[in-house]
Structures are given as C-alpha cells and as structure tokens.
1. Could you work out the relative contact order of the chain, using alpha carbon pairs under 8 angstrom and six or more residues apart, expressed as a whole percent?
2. Where does each of TYR119, TYR164, TYR145 land when they are ordered by accessible area, with a 1.4 Å probe and the largest first?
3. Aspartates and glutamates near LYS157 by alpha-carbon distance under 13 Å, same-chain residues fewer than 8 away left out - which ones?
4. If the reach is capped at under 17 angstrom between alpha carbons, list the aspartates and glutamates near LYS139, excluding any in the same chain fewer than eight residues apart.
5. I'd like the antiparallel share, as a percent to the nearest 5, of DSSP beta bridges with both residues in the chain.
6. Modelled label-to-label distance, GLU52 and ASN94, 7 Å Cα→beta-carbon offset: nm?
7. Could you report the stretch 1-125's accessible area per residue, 1.4 Å probe, as an integer in Å²?
8. Heavy atoms of the protein only, probe of 1.4 Å, neighbouring chains included. What is the accessible area of ARG170 in Å², nearest 10?
Amino acid sequence: MRAIVGIGNPGKKYQFNRHNVGFLALDHFAEKHNLKFIPSKYDFYFSEGEVEEAPFILAKPTTYVNNSGIAVRDLISFYNIPVQDVLVVVDDINLNEFDFRLKKSGSDGGHNGLASIIYQLNSDAFPRLRIGIGSDFEKGNLADYVLSDFNETELKKLFETFEYTSAIIRAFVVGGYNSCLSEYSKIKNQLKNNLKDSNGS
C-alpha cells in the first residue's frame with residue numbers, strides 16, 4: 001500500500017487558505033475516485049481506495065501544519081508503509097502560483113510541515129509534490145499570506161492544476177516514485193509544448 005498525505009490545517013475557516021493546497025489537492029483526487037474522508041483513531045482523516053488493483057490511503061493530518069509529522073508517523077506505523085512509499089503534497093512559496101514540482105527527497109525548504117515530518121520520521125527520504133502559491137507578500141507577513149484565501153479566479157486556476165497533480169498521484173499509487181516521475185515529466189513536457197504553441201514558436 002502507498003500513502004498520499006496532504007498538508008494543511010483542519011477546519012472550515014482554513015479550507016481555502018494557500019497553506020491548505022495539500023488538503024485541497026487530496027480532496028480533488030478523492031472526488032475523482034468517489035472517495036470520502038473519515039476520522040481515524042489517530043490525528044488524521046483518511047480514505048482508502050484502489051487503482052488498477054493497487055491499494056492506497058489518502059490522509060489529511062488534524063494536527064495543524066506545524067505538527068504534521070505526528071500524524072504521518074502514526075500513519076506509516078499503523079499501515080507499515082515504507083517512507084519512500086509516502087507522497088507528501090504541500091504548498092510552496094518558492095514556486096510561482098499554480099506551478100508544481102516533484103522531488104524524491106530533500107530538506108524541508110523552510111516549510112514547517114515538512115520539517116515536522118522529517119523530524120518525526122528521522123528521514124527526509126519521502127517524495128513530495130510541491131504546489132506553488134507564490135510569494136506576493138511583504139517581509140514579515142509570511143504567516144498572514146499563507147493563511148489568506150485564494151480568490152475565485154485563483155481557485156479556478158488551482159483546480160486546473162489539480163487535474164495534473166491528480167494524474168501524478170495516480171501514477172504514484174500504481175507504480176511508485178519512478179512511475180510518478182515519468183508521468184510528471186510527460187505532463188511538464190506537454191505544458192512546455194503548449195506554451196511554445198501559444199507563443200507561436
């Protein structure tokens with residue numbers, strides 16, 4: 001079984017925050033597969049499914065972003081999932097809005113949720129799918145920015161991005177990181193070619 005963990009804060013007031021991109025991406029994937037999230041006995045909501053006979057679990061920690069690692073630790077311990085079979089979906093201020101990047105492992109990049117996961121697992125060897133939320137804020141206003149809501153126009157663009165990230169998540173479920181990377185590369189090349197065509201190149 002593979003796990004996909006979205007990072008975000010629980011509760012309606014945070015639902016459409018920039019910091020909740022991970023939750024929103026998982027909600028989109030779950031909806032495409034007719035899945036519902038339910039509470040677990042641990043600090044996360046979850047949903048189990050199957051794609052091409054490959055089982056998976058989606059999880060949304062209820063620990064708030066800064067303590068995400070507690071939920072991820074309990075999740076992989078209960079389901080006995082190897083670290084490399086956990087894909088973390090997370091917001092990233094270092095990427096342009098609605099851009100996305102796939103990475104096999106690495107540092108937390110300044111994200112408290114990733115820092116918590118790395119600390120609790122004592123490992124940074126888990127793949128992560130980072131979704132850009134931009135950095136249009138003044139120095140010292142990071143917290144306010146990540147806890148601000150997307151507007152309607154931004155949400156529309158975000159859900160277009162989720163069509164791509166859902167395909168990447170699906171590939172991860174079916175074939176692990178290598179399959180995921182292949183799908184990611186295909187999508188990125190497609191987007192690059194579309195941009196060339198639209199620019200008349």
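1. Values: 359 pairs, mean separation 49.1, N = 201.
Reported as a whole number, the value is 24 percent.
2. On the way: TYR119 175, TYR164 70, TYR145 25 Å².
Listed by decreasing accessible area, they come as TYR119, TYR164, TYR145.
3. Output for LYS157: GLU97, ASP99.
4. Result set, ordered by chain and number: ASP92.
5. Numbers: 15 of 28 bridges.
Antiparallel bridges: around 55 percent, rounded to the nearest 5.
6. 3.1
7. On the way: 5890 Å² over 125 residues.
I get 47 Å² per residue for the stretch 1-125.
8. 90
The values are calculated or read from the model by the stated rules, or taken from the named source; none is laboratory data. This one's a predicted model, so the numbers in the text were calculated from it and none came from an experiment. Neighbour counts are summed over all protein chains in view; Cβ atoms, including those assigned to glycine, are modelled from backbone coordinates with ideal geometry. In case anyone asks, the SASA skips ligands and DNA or RNA and just uses the protein heavy atoms, side chains included. Shrake-Rupley method; radii C 1.70, N 1.55, O 1.52, S 1.80 Å.
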